[in-house]
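Down below is the structure, laid out as structure tokens.
Read-outs throughout are calculated quantities, based only on the coordinates presented, and are distinct from any laboratory measurement. Computed from a predicted model, the values in this text were never measured in an experiment. Cβ coordinates were reconstructed from backbone atoms using ideal geometry, including for glycine residues, and neighbour counts include every protein chain displayed.
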């Protein structure tokens with residue numbers, strides 16, 4: 001007996017026990033509604049998706065070809081359409097997640113209007129977006145199951161037992177659209193207590209994975225802009241522990257913490273780390289400070305002096321009251337950050353780089369894995385990189401080192417369209433195509449994400465539509481390039497009433513009012529034109 005059959009039988013007993021007062025309730029409809037609303041709370045979602053991530057991490061440890069991917073979403077509808085699309089094209093959502101970018105929350109979701117990625121937006125906007133995304137994903141489940149229930153009723157009405165069995169099998173084995181979200185908490189939006197409180201809200205909304213970075217909260221910058229300021233390890237680890245406490249308090253014991261280091265591009269720190277003995281973590285952090293030795297015994301008023309190996313050193317302090325690190329120490333600091341994070345509760349790492357270069361990433365990960373062999377990376381396949389130019393230059397440099405003739409190319413102008421059909425461009429595109437696969441095998445990348453893809457696709461598609469519709473093409477600019485393609489490519493949203501829940505509403509009207517239900521999906525509904 002299937003779940004649907006057993007649950008219906010139990011509900012039928014409950015209804016009959018009410019001696020006819022619940023006679024208008026159909027137990028089969030109740031079970032359908034339960035199946036369409038599998039996840040009752042955000043914590044249900046967080047526990048379910050955390051288990052998925054843990055399974056995927058174990059699969060990657062066994063085989064680095066089993067890496068995972070995600071795209072960033074700034075609205076629940078965008079996330080929903082991603083998962084519907086993946087399911088349509090690949091039949092499974094395995095290994096496909098969603099990424100919630102703090103950059104996009106700042107730029108797209110703040111009541112202040114568009115903001116830079118500096119943690120100036122409302123912190124509550126982050127859990128609100130997580131909840132919104134999962135509301136849309138749950139609606140995708142309800143919609144898909146609702147269409148199956150309609151097909152089942154049609155098969156029953158036709159007396160087609162084979163078709164009934166086929167549809168029932170799909171219902172019994174329905175794959176939910178609920179997938180893990182890796183959610184960006186920036187630098188914690190304040191101190192460790194603030195991090196803990198916001199983490200709880202994010203987890204309660206459904207987040208199973210929280211990504212936190214080692215920048216100063218009130219000086220936070222986008223990882224691909226200048227002016228980044230890091231904090232000593234103990235300050236960062238206090239926030240990492242705060243996130244773990246939040247997960248454990250809420251019963252999400254498999255919750256995933258992604259520790260991000262911005263040290264590669266961050267040349268500044270706001271404070272000198274506390275050190276109680278040589279070689280401790282604070283001393284290691286301070287060892288990278290750019291200092292000058294105090295040799296003449298003179299110390300100016302306001303100077304900060306540290307002692308190391310019998311010498312007095314004056315860290316270079318800027319007018320901003322920030323201290324700077326020695327140039328060229330970024331990679332070493334990243335390695336120390338990552339090892340320290342893994343030894344203190346991190347599950348996954350994130351190293352923010354300035355370009356997509358496999359050997360640069362692998363060079364750091366090799367050193368990290370010497371200390372922590374199963375270290376795994378989440379990597380930002382960022383739109384902040386000019387992928388075309390970067391990879392064409394990488395091919396150019398490789399060919400030149402091999403002694404190949406590159407005189408036909410100008411390295412500084414490789415983005416030019418006239419190179420698009422060249423052998424160099426073809427090789428670069430192949431490297432871009434295989435980047436995720438190659439980097440996962442060589443550099444320990446478990447998860448590949450693009451932070452801002454749907455921000456850019458929305459801008460591009462809107463520009464193309466505006467150019468055509470407001471130009472000479474007029475209505476053809478919409479019909480030819482949008483609606484006709486929706487129909488031919490089988491985009492579910494061409495039936496926008498169905499996607500918005502109209503058919504689910506009609507089903508409920510029938511449940512609640514029976515033959516008296518006034519339905520929207522009758523013969524005069526123009527959605528029938530897309531049958």
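Side notes on the structure shown:
- The stretch 7-158: radius of gyration and largest Cα-Cα distance (Dmax), Å: 20.3, 63
- The alpha carbon centroids of the stretch 456-519 and the stretch 349-402 are separated by 40 Å.
- Prolate/oblate/rounded call for the stretch 322-388, Cα gyration tensor, a/c under 1.5 rounded: oblate
- Expressed as a whole percent, the proportion of Cα-Cα pairs in the stretch 328-441 lying more than 18 Å apart is 56%.
- Inter-probe distance in nm under a simple model that places probes 7 Å from Cα toward Cβ, at residue 168 and residue 406: 6.6 nm
- Residues 177, 524, 496, 448 arranged by fewest to most Cβ contacts within 10 Å: 524, 496, 448, 177
- Each helix, a run of at least 4 DSSP H residues, gives -39500 (n - 2.57); summed and divided by the residues of the chain, these come to -15000 deg cm²/dmol at 222 nm.
- On Cα atoms only, tilt of 330-342 relative to the major axis of the chain in degrees: 50 degrees
- At R0 = 22 Å, FRET efficiency that the Cβ-Cβ distance of residue 320 and residue 280 yields, to 0.05: 0.20
- Ratio Rg/Rh [Cα only; Rh per Kirkwood] for the stretch 203-332: 1.06
- Protection proxy ranking of 352-359, 67-74 - average other beta-carbon atoms within 10 Å, highest first: 67-74, 352-359
- With a Förster radius of 56 Å applied to the beta-carbon distance between residue 17 and residue 487, the computed FRET efficiency rounds to 0.65.
- Degrees between helix 42-62 axis and first principal axis of the chain (Cα, 0 to 90, nearest 10): 60 degrees
- Label point at residue 245 placed 7 Å out along Cα→Cβ; residues across the stretch 177-195 whose backbone nitrogen lies under 19 Å: 185-195
- Burial order of peptide ranges 330-339, 5-14 (average beta-carbon count within 10 Å, highest first): 330-339, 5-14
- Helix 453-469 and the longest principal axis of the Cα set of the chain meet at an angle near 60°.
- Grouping the Cα pair distances of the stretch 70-205 into 5 Å bins from zero gives a pair-distance distribution of 2, 10, 17, 17, 14, 11, 9, 7, 5, 4, 3, 1, 0 percent in increasing distance order.
- Annotation: for a label point projected 7 angstrom from Cα along Cα→Cβ of residue 371, residues of the stretch 269-313 with backbone N closer than 14 Å are 279-288.
- Descending semi-axes in Å of the stretch 172-264, equivalent ellipsoid built from Cα gyration tensor: 26, 16, 10
- Pairs of alpha carbons in the stretch 163-222 whose separation is greater than 16 Å (percent): 58 percent
- Largest first, the three principal axis extents of the alpha carbons in the stretch 393-490 are 55, 37, 23 Å in whole numbers.
- Spin-label pair residue 420/residue 526, simplified geometry with 7 Å Cα→Cβ offset, distance in nm: 3.6 nm
- The chain - Rg over Rh from alpha carbon coordinates, Kirkwood radius: 1.05
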